[in-house]
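The block underneath contains the structure these notes are about, expressed in structure tokens.
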Amino acid sequence: MNRITQKLQEDKKILSIYFSAGFPNLNDTVQIIQDLEKNGVDLIEIGLPFSDPLADGPTIQASSTQALHNGMTTQILFNQLQNIRESVKIPLIIMGYFNPMLQYGVEAFCKKCAEIGIDGLIIPDLPVDVYADEYKAIFEKYGLINVFLITPQTSDERIRFIDSVSNGFIYMVSSASVTGSQSGFGNVQEDYFERISDMNLKNPQIVGFGISNKETFNQATKYAKGAIIGSAFIKHLSESGSGKIKEFVGEIR
């Protein structure tokens with residue numbers, strides 16, 4: 001069974017952390033992953049830096065740019081993660097844009113992910129229809145879960161289609177803005193969380209965008225299985241380096 005599926009079956013709210021591979025320093029990736037697991041994080045999204053990250057807010061964009069300046073590439077990330085399963089047991093997801101995967105070769109990329117123990121992918125700019133028609137069989141061949149995003153503007157029909165082709169969780173974007181641009185959730189978002197919860201989808205939902213502290217984590221997980229923290233963690237890495245992960249996670253849970 002895929003590690004994501006196993007984790008989702010646990011009777012707990014999932015804390016997922018996103019960071020850009022190769023940030024703050026090129027070779028920090030593995031240590032950050034190990035420290036996050038050691039301090040109780042349930043799932044990690046490893047950002048594959050890209051030069052044109054359309055869905056990302058300024059904080060994640062800056063970290064992605066820095067990682068690229070540091071020399072991060074798809075192949076270097078795979079090299080860094082080659083032995084990750086010797087020390088890390090929790091689910092690992094690579095989140096990135098489709099262009100680098102296309103350049104690497106979609107099947108070759110998926111095969112490499114499977115070899116090193118990656119459990120799933122999040123590709124914000126890969127339309128679900130294209131995935132279902134052209135790539136679903138490849139992902140399934142290598143045991144990879146593909147995670148799709150929904151927003152408050154996504155129609156119920158589209159959400160149900162995404163649910164039908166998904167086999168892990170649905171990434172529930174809290175608002176239509178880019179990442180990292182909120183400080184809390186209002187009635188509109190609460191209503192949206194509740195509406196999706198009431199749809200009784202077969203895949204659990206994990207909320208992303210705008211989660212930065214214990215309060216927003218608890219708000220987001222009232223109706224959902226878990227929440228993802230990205231920009232707030234990257235700010236923490238920028239200000240405190242990679243040595244104070246315990247303090248960051250401790251303030252969320």
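The values are calculated or read from the model by the stated rules, or taken from the named source; none is laboratory data. The model shown is predicted, which means the values in this text are computed figures rather than measured ones. A quick note on method: Cβ atoms are made from the backbone with ideal geometry, for glycine too, and the neighbour counts reach across all protein chains shown. Side chains are part of the model used for accessible areas, which takes the heavy atoms of the whole protein and leaves out ligands, DNA and RNA. Shrake-Rupley method; radii C 1.70, N 1.55, O 1.52, S 1.80 Å.
The rows are residues; the columns are (1) in contact with a helix residue (DSSP H, G or I) (Cβ under 8 Å, 6 or more places away or on another chain); (2) under 22 Å from Q31 (Cα atoms); (3) surrounded by fewer than 23 Cβ atoms within 10 Å (Cβ to Cβ); (4) aromatic (F, W, Y).
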| position | (1), (2), (3), (4) |
| --- | --- |
| P49 | yes, yes, no, no |
| T59 | yes, yes, yes, no |
| N70 | yes, yes, yes, no |
| R85 | yes, yes, yes, no |
| G96 | no, yes, no, no |
| Y104 | yes, no, yes, yes |
| E107 | yes, no, yes, no |
| C110 | yes, no, no, no |
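Close Cβ contacts (under 7 Å, 6 or more residues apart or on different chains) running from residues in the stretch 69-85 that are farther than 14 Å from G47 by Cβ and among the basic types (K, R) to residues that are assigned to a helix (DSSP H, G or I) and open to solvent by 30 Å² or more (accessible area, probe 1.4 Å) are absent.
The condition (being small (G, A, S), at pLDDT 95 or above and buried (at least 22 other Cβ atoms within 10 Å of the Cβ)) is satisfied by just one residue among A220, A227: A227.
Taking the residues in the stretch 126-158 that are of a type in the set (D, E, K, R) and farther than 20 Å from N99 by Cβ as candidates, determine which candidate is surrounded by the most Cβ atoms within 10 Å (Cβ to Cβ). For the stretch 126-158, the residue satisfying everything is R158.
In the condition set (1) over 28 Å from S166 (Cα atoms); (2) under 14 Å from the mean Cα position of the chain (by Cα), I60 is compliant with all but (1). Of all residues in the stretch 232-250, at least one satisfies being within 14 Å of Y18 (Cβ to Cβ) and touching a His at 6+ places or on another chain (Cβ under 6 Å).
Here is a yes/no grid of residues against (1) more than 19 Å from I228 (Cα to Cα); (2) among the acidic types (D, E); (3) modelled with pLDDT under 95:
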site: T5; (1), (2), (3): no, no, no
site: L15; (1), (2), (3): no, no, no
site: P24; (1), (2), (3): yes, no, no
site: D28; (1), (2), (3): yes, yes, no
site: E37; (1), (2), (3): no, yes, no
site: H69; (1), (2), (3): yes, no, no
site: T74; (1), (2), (3): yes, no, no
site: N83; (1), (2), (3): yes, no, no
site: K89; (1), (2), (3): no, no, no
